[in-house]
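Below is one structure, written out as structure tokens, with a few remarks after it.
The values are calculated or read from the model by the stated rules, or taken from the named source; none is laboratory data. Computed from a predicted model, the values in this text were never measured in an experiment. Cβ sites come from the backbone with ideal geometry, for glycine too, and all protein chains shown count toward neighbours. Keep in mind that these areas ignore ligands, DNA and RNA; they rest on the heavy atoms of the full protein, side chains included. Shrake-Rupley method; radii C 1.70, N 1.55, O 1.52, S 1.80 Å.
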Amino acid sequence: LYNYVLVVGASALPVFIGGLGEDIGLNVRPLFRLILSFVSAAVAGLMFEVWIVHTGIYALDFFLTVPVLAALFTIFISGSLCHSINLIDGLHGLALGVSAIILLGLASISANVGDALMVKICLGGVACISGLFIFNFPFGKLFLGDAGAYTIGHVITWIGIILLNRNPSVAPFSVLLVFFWPVFEMTFSILRRLLRRKSVVIPDRLHFHQLIMRGIEILWLGRHRRNIANPLASLVIISLSSIPVFVAQYTIDTNWAAVCFFIFFFVFFLLIYEFFKWFFINVSR
């Protein structure tokens, strides 16, 4: 247990330092922070001697039999998921709440396959996050910052990767389904910016959680009650993010079902987003 904790913690140092530099005003560029997340992923892979070699997609798995390609694929997945947690860190308690839900989902999968060690690691992560959550939610007395968000993203990603490595019978997409919400936000943000011909590294205010927060302000609270709308929007998103995590528990031995549910939830939440955007623009004036 302690070896896992020490290795994950040590491997997170590069991306933690990059996030900390941004937090203290050194203006660390997004591309450099992304590179550091890849460095952290490479360090974790080398220290654990673990790479993703099985996705349940036969064509992809064929290429992952080549060690170099498996390493590059793992580094890409880890760095992307690490960034996705930072991407959703826009409301009080949101990134922490979603991360705790993810860890609970991973703990449940671990329990279902009898991996007591991973259950302990996951629940230990939930305990750590809960200590921060009570200060971050609902009033934002303590913030994660980029350093905290990147570190949590790296840690929970590698918990998922190690879980898959220790339990090959677990459907890979069931674990990805547990990470659905940050993956959805990251992927949708990239697609949205590309369609708008904007840079994918320049932040915008069109995230799902920001839409929900503005909707709560417009429809119920008024524009000057953000101190209430902010945590309420977090509760809405955390609740929504738990749905794919719950469904994932029933797909741990059926990868194709997990893939289908992942696609379903992506389309479903995309339609919800577009509906609310249309509603707030055209109906709530």
Only one of (1) in a helix (DSSP H, G or I); (2) hydrophobic (A, V, I, L, M, F, W, C); (3) open to solvent by 80 Å² or more (accessible area, probe 1.4 Å) is not met by residue 212, so which one is it? (3)
Name every residue in the stretch 193-209 that is basic (Lys, Arg) and assigned to a loop (DSSP other than H, G, I, E, B), in order of residue number. 196, 197, 198, 205
The one condition residue 27 fails out of (1) without any contact (Cβ under 8 Å) to a residue 60 or more places away in the chain; (2) in contact with a helix residue (DSSP H, G or I) (Cβ under 9 Å, 6 or more places away or on another chain); (3) open to solvent by less than 60 Å² (accessible area, probe 1.4 Å) is (3)
Would you say residue 90 is outside any helix (DSSP H, G or I) and over 23 Å from residue 1 (Cβ atoms)? yes
Can you pull out the residues in the stretch 93-115 that are part of a helix (DSSP H, G or I), more than 18 Å from residue 249 (Cα to Cα) and not hydrophobic (A, V, I, L, M, F, W, C)? 97
Would you mind finding the one in 206, 195 that is closer than 30 Å to residue 31 by Cα and touching a Lys or Arg at 6+ places or on another chain (Cβ under 7 Å)? 206
Pick from the stretch 160-185 the residues that are in a helix (DSSP H, G or I) and open to solvent by 30 Å² or more (accessible area, probe 1.4 Å): which of them is farthest from residue 11 (Cα to Cα)? 173
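Per-residue answers, yes or no, for (1) part of a helix (DSSP H, G or I); (2) touching a residue at least 60 places away in the same chain (Cβ under 8 Å):
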residue	(1), (2)
51	no, no
54	no, yes
76	yes, no
86	yes, yes
117	yes, yes
129	yes, no
142	no, no
150	yes, yes
158	yes, yes
